[in-house]
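Some notes on the structure that comes next.
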Amino acid sequence: MPRSGSNGAGGARPLEWTAAAAILLVPLAAVMLRCGFADAVPWVVPSRTPWIMAPLPVSAELRQWGEVEVPATRFETRFVPEAFAPGSMLRVRALGEARVWIDGVEVAVFAPPAGRGHAAGSVPLAGQGPGVPLNLSVDVRNAHGPGLLALTSVGVTPPMGTGVRPSDWLARVAGGAAAPAVPADDTRPNPRSFGVETPREAVVRKSDTLLALFVAGALAFWLVRRRFGGRAGRGVALAVPLLATLAWLGPLAARVLRISPRVGFDARHHVAYVDQLLATGLLPAPTDGWSTYHPPLFYALAAGVQRLGLGDVGLKALPLLAGLGSVWIAWWLARRLFPEAPERAGLAA
């Protein structure tokens, strides 16, 4: 008969594994659901009308920063319909507000329901005649990203739209030069990335060092498992986060706390995020600043620390303690998931 203690521990293992899986999968599922039902997130589905965009170069700069009005992206095309079926129309979908013009006359305005996200509608073509050239323009204004357009015809021969040949559309931004539109794509590389070392090139360059560290880590792990076991192994596993704590709160803290929170890449933008929360008490939109697209939890905690009057020391101590907390959380989770292998807790820490 198994002892009650071991039976209880064995019974808890499936629950712990389930909790660990939930910690990983639930946030991912929440993000997917949020994106799936958010109008501001355009999903490009091959079976639907493709989106097109102006051929703007990929850049990390905020294009609309400081603009008083949202610049319009104008899409233009000219086609000659051969025939119209009863009820023929244009179905328009835009990321942002859309204004539709036919032969220089504004015929429809479609606005996103909540002021941002997708706008959609239909434009009847009852008054158009076959064989007569039709000049179509659509102005898209999107304050939260690029202006995108997806348009298709219903009952028009030959069919026209953004999915027939995207290059048949000309696109211009804020009255600039017109250029053939391109399929909307957020996976294009930034041209500046070609001037720096790629991760693969860095791995190849440092392969000797990485291989040596891997071998040293594997050897140390094997020696710990071979020489230490039982209580001794648990002691060695506990020593790792304790040594990390001494290093974290000792020389690392002494150096970090001497550095201003406004020093470093994007540092002043992160501090501006905290200052904005303190001043308004409201979460900013992702386009309100350089760093305001980041999740708000850390910045809200930093604003709370600032309200306590801890100043720059509080701003620096918060990420320092968060990093130390990650060490102990990793150690604790590994100890709970692998109680029979304490050396794994030390490795996780």
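Derivation of every value follows stated rules applied to the coordinates shown; laboratory data play no part. Since we're looking at a predicted model, the values are computed, not measured. Backbone-built Cβ (ideal geometry, glycine too); neighbour counts: all protein chains shown.
Taking 8 Å as the Cα distance limit and 6 or more residues as the minimum spacing, I'd like the relative contact order of the chain as a percentage.
16 percent
Only sites in a loop by DSSP and with at most 16 other Cβ atoms within 10 Å count here; which GluC sites (Glu not before Pro) in the stretch 48-121 make the cut?
61, 67, 69, 82
Under 10 Å, Cα contacts only: if you run a Gaussian network model on the chain, which one of 247, 212, 267 comes out with the highest mean-square fluctuation?
212
What is the stretch 52-185's relative contact order, in percent, from Cα pairs under 8 angstrom and six or more apart in sequence? Provide the component values of the computation, followed by the final result.
Numbers: 318 pairs, mean separation 50.7, N = 134.
Relative CO of the stretch 52-185 lands at 38 percent.
Residues of the stretch 144-173 with backbone nitrogen within less than 17 Å of a virtual label 7 Å along the Cα-to-Cβ line of residue 120, please, listed as ranges.
Counting backbone N atoms under 17 Å from the label point, the list is 148-154, 162-163.
What distance in nm separates the two pseudo spin-label positions at residue 336 and residue 267, each 7 Å out from Cα along the beta-carbon direction?
Rounded to a tenth, the inter-label distance reads 3.6 nm.
Work out, step by step, the length gained on full extension between residue 186 and residue 297: first 0.36 nm times the residue separation, then minus their alpha carbon distance; give nm to one decimal.
Full-extension gain reported as 37.3 nm.
Gaussian network model of the chain, Cα springs within a sub-10 Å range: biggest mean-square fluctuation belongs to which of 78, 192, 268?
Most flexible of the set in this elastic network: 192.
Could you work out the longest stretch of the chain that avoids the chymotrypsin sites (Phe, Trp or Tyr not before Pro) located in DSSP loops with at most 10 other Cβ atoms within 10 Å?
It works out to 66-264.
When only Cα pairs under 8 Å and 6 or more residues apart are kept, what is the percent relative contact order across the stretch 207-348? It would help to have the intermediate numbers written out before the result.
Details: 104 pairs, mean separation 42.4, N = 142.
Relative contact order of the stretch 207-348: 30 percent.
Taking amide hydrogens as modeled 1.01 Å from N in the peptide plane, which residues meet the under 5 Å criterion relative to residue 107, leaving out close sequence neighbours?
Sorted by chain and number, the residues that satisfy this are 100, 101, 102.
Per q in 0.21 Å⁻¹, report the Debye log10 I(q)/I(0) for the stretch 227-349, using one uniform scatterer on each alpha carbon and no solvent.
Per q value, in the given order, log10 I(q)/I(0) is -1.07.
Please find the FRET efficiency linking residue 280 to residue 143, where r is the Cβ-Cβ separation and R0 is fixed at 30 Å, and quote it to the nearest 0.05.
With a Förster radius of 30 Å, E is 0.95.
Once Cα Rg over 2.2 N^0.38 Å is worked out from the coordinates, which option in (i) 1.61; (ii) 1.49; (iii) 1.43 does it equal?
Recomputing Cα Rg over 2.2 N^0.38 Å here picks out (iii).
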